[in-house]
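Data first, discussion second: the structure below is written as structure tokens.
The values are calculated or read from the model by the stated rules, or taken from the named source; none is laboratory data. Computed from a predicted structure; not experimentally measured. We place every Cβ from the backbone using ideal geometry, glycine too, and count neighbours over all the protein chains shown. We work out accessible area using only protein heavy atoms, side chains counted, and drop any ligands, DNA or RNA first. Shrake-Rupley method; radii C 1.70, N 1.55, O 1.52, S 1.80 Å.
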Amino acid sequence: MLDPRPHLGEPLALDLLNTRWVDDGPQDLLTDLTGLRIWLTTTELADTAPVDTRTLEAVLAARTAIYDAVVHGAKEGINEVLGHGRLRRSLTDDGPTTTPDIADPAWLPAWLAADNLLHLLAEAPHRIRQCAHPHCVLFFYDTSKNGTRRWHSMTTCGNRTKAARHYAKKT
């Protein structure tokens, strides 16, 4: 089944936030196991965890924690999700490596999303943005050269905003 979301391809943490969107009303990909399977497949995590209610609950907990961290600056939820695993350092034939060590596979996708948020926050927290269109709830990581991107997509929300502004000037 194809991913029905209007915006794909963001870093994992923001992609998880974008499992909720507005299209003729609020939409949520993660209301059932089919949606979880779609999200895991789209993010190339399909082989990392079972598609069951425990994984869905863990992913929903991570989505809430990431949202609270990005929008409200809350740390507790992210730390709780990250508490389900750790990074393991080891030396292999190919040299030093770091791998996630998660005791419960149901938490691996959630943990990876929370860990990804930490990387984004360490790299450039000011580039984590919510779309500026007043009716859009999607998030994006601003990779524009000057860091002034305002919409998750210029062809949808950006165009709508500019068209509305133009129409308002005409009347």
Degrees between helix 33-42 axis and first principal axis of the chain (Cα, 0 to 90, nearest 10): 90 degrees
Highest-MSF residue in the chain out of 119, 72, 152 [GNM, Cα springs under 10 Å]: 72
Directionally averaged shadow of region 12-124, computed from the convex hull of its alpha-carbon atoms, nm²: 8.1 nm²
Point-charge dipole on Cβ atoms (K/R +1, D/E -1) for the chain, about Cα centre, debye to 20: 1280 debye
Highest average packing first - 122-132, 28-38, Cβ atoms within 10 Å: 28-38, 122-132
On Cα atoms only, tilt of 108-123 relative to the major axis of the chain in degrees: 60 degrees
Surface accessible to a 1.4 Å probe, residue 70 within the full protein complex, Å²: 40 Å²
Max mean-square fluctuation residue, GNM over the chain, Cα-Cα springs under 10 Å, options 116, 79, 146: 146
Mean separation of Cα contacts under 8 Å (6+ apart) over length of region 12-124, as relative contact order %: 28 percent
Estimated FRET transfer efficiency (residue 146, residue 31; beta-carbon r; R0 45 Å; 0.05): 0.75
Simple spin-label estimate for residue 93 and residue 122 in nanometres, 7 Å along Cα-Cβ: 2.9 nm
